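A short worksheet on the structure shown next.
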Amino acid sequence: MMGGMPIDMFIEPEQDPRTEAPIAGSELDTLTGFLGWHRGTLELKCSGLDAAELARRPIPSSSLSLLGLVRHLAEVERSWFRRVMAGQDAPPRFYSPQDRDGDFDNVRPDLDLVAGAWRAWQEEIAFADQFVAAAPGLDLAAKRLTSDGRGPMSLRWVLNHMIEEYARHNGHADLLRELIDGAVGE
């Protein structure tokens, strides 16, 4: 109970589909384990919501929405794994130089838009997972510098950064979800 009110958990701990990172695994298994757990957390934060709830911006002064976070994290996956690490020419899906916040700003309660965001996110994760699995090791250097000229980053650095990126945005997702329907959870 919190403040005398029962807490509405969006999932009971024993039903949690996420897999914990190994506590005594290799560095690669630990990094990919934590990244997978955080990806699963984003999915859980969005579970059970309709298109209107996913697109809702419950903080009036902010463009943050759960749908915007899904789109943004699809772009983050795409940028780090396709563009930087693999050196691919992979233009942004949801933003442009003229609309830098398009991943957040251009959301609306549309089923096709929501489905497209989830599809993009899943495609980028699949690419990233395949890239990591095929990499000769964590010291693999990126094929490109970042857009601001940093690098080349190692795969180890990118995986750590991705964990940080998801952890930060999952904090946002947790607050957004609670504002939408009162549900909380890990």
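Would you check which residues across the range 166-186 are crowded, with 18+ Cβ neighbours inside 10 Å and within 20 Å of V84 (Cβ to Cβ) and list them?
Y166, H169
How many residues, within the range 117-146, are touching a helix residue (DSSP H, G or I) at 6+ places or on another chain (Cβ under 7 Å), closer than 19 Å to F34 by Cα and not in a loop (DSSP other than H, G, I, E, B)?
7
Right, D139: open to solvent by 50 Å² or more (accessible area, probe 1.4 Å) and modelled with pLDDT of 95 or more or not?
Numbers: open to solvent by 50 Å² or more (accessible area, probe 1.4 Å): yes; modelled with pLDDT of 95 or more: yes.
Against the criterion (open to solvent by 50 Å² or more (accessible area, probe 1.4 Å) and modelled with pLDDT of 95 or more), D139 qualifies.
Just to be sure, is V114 over 30 Å from L155 (Cβ atoms) and either in contact with a strand residue (DSSP E or B) (Cβ under 6 Å, 6 or more places away or on another chain) or part of a loop (DSSP other than H, G, I, E, B) (or both)? Full working, then the answer.
Values: over 30 Å from L155 (Cβ atoms): yes; either in contact with a strand residue (DSSP E or B) (Cβ under 6 Å, 6 or more places away or on another chain) or part of a loop (DSSP other than H, G, I, E, B) (or both): no.
The answer is no for V114.
Give P22, P58 a once-over and let me know the one that is within 17 Å of G182 (Cβ to Cβ) and either basic (K, R) or in contact with a helix residue (DSSP H, G or I) (Cβ under 7 Å, 6 or more places away or on another chain) (or both).
Working: P22 fails: within 17 Å of G182 (Cβ to Cβ).
That would be P58, the only listed residue that is within 17 Å of G182 (Cβ to Cβ) and either basic (K, R) or in contact with a helix residue (DSSP H, G or I) (Cβ under 7 Å, 6 or more places away or on another chain) (or both).
Could you give me the residue pairs with C-beta distances under 7 Å whose first residue belongs to the range 15-32 and is in contact (Cβ under 8 Å) with a residue 40 or more places away in the chain and in a loop (DSSP other than H, G, I, E, B), whose second residue is exposed (fewer than 10 other Cβ atoms within 10 Å of the Cβ) and of a type in the set (S, T, Y) wherever it lies, and which are 6+ apart or on separate chains?
none
Provide a single number: the residues in the range 47-86 that are open to solvent by 30 Å² or more (accessible area, probe 1.4 Å) and of a type in the set (A, V, I, L, M, F, W, C).
3
Based on what the data block shows, is R150 touching a residue at least 12 places away in the same chain (Cβ under 8 Å), open to solvent by 20 Å² or more (accessible area, probe 1.4 Å) and not β-branched (V, I, T)? Break it down stepwise before answering.
Working: touching a residue at least 12 places away in the same chain (Cβ under 8 Å): no; open to solvent by 20 Å² or more (accessible area, probe 1.4 Å): yes; not β-branched (V, I, T): yes.
So R150 does not fit the description; no.
Is it the case that D89 is open to solvent by 40 Å² or more (accessible area, probe 1.4 Å) and either in contact with a Leu (Cβ under 6 Å, 6 or more places away or on another chain) or not in a helix (DSSP H, G or I) (or both)?
Taking the combined requirement at face value, the residue satisfies it.
The values are calculated or read from the model by the stated rules, or taken from the named source; none is laboratory data. Fair warning: this is a prediction, and the values are worked out from it, not measured in the lab. Quick reminder, even Gly has a Cβ in these numbers, built from the backbone with ideal geometry, and neighbours come from all protein chains shown. Surface accessibility is based on the protein's heavy atoms, side chains included, excluding ligands, DNA and RNA. Shrake-Rupley method; radii C 1.70, N 1.55, O 1.52, S 1.80 Å.
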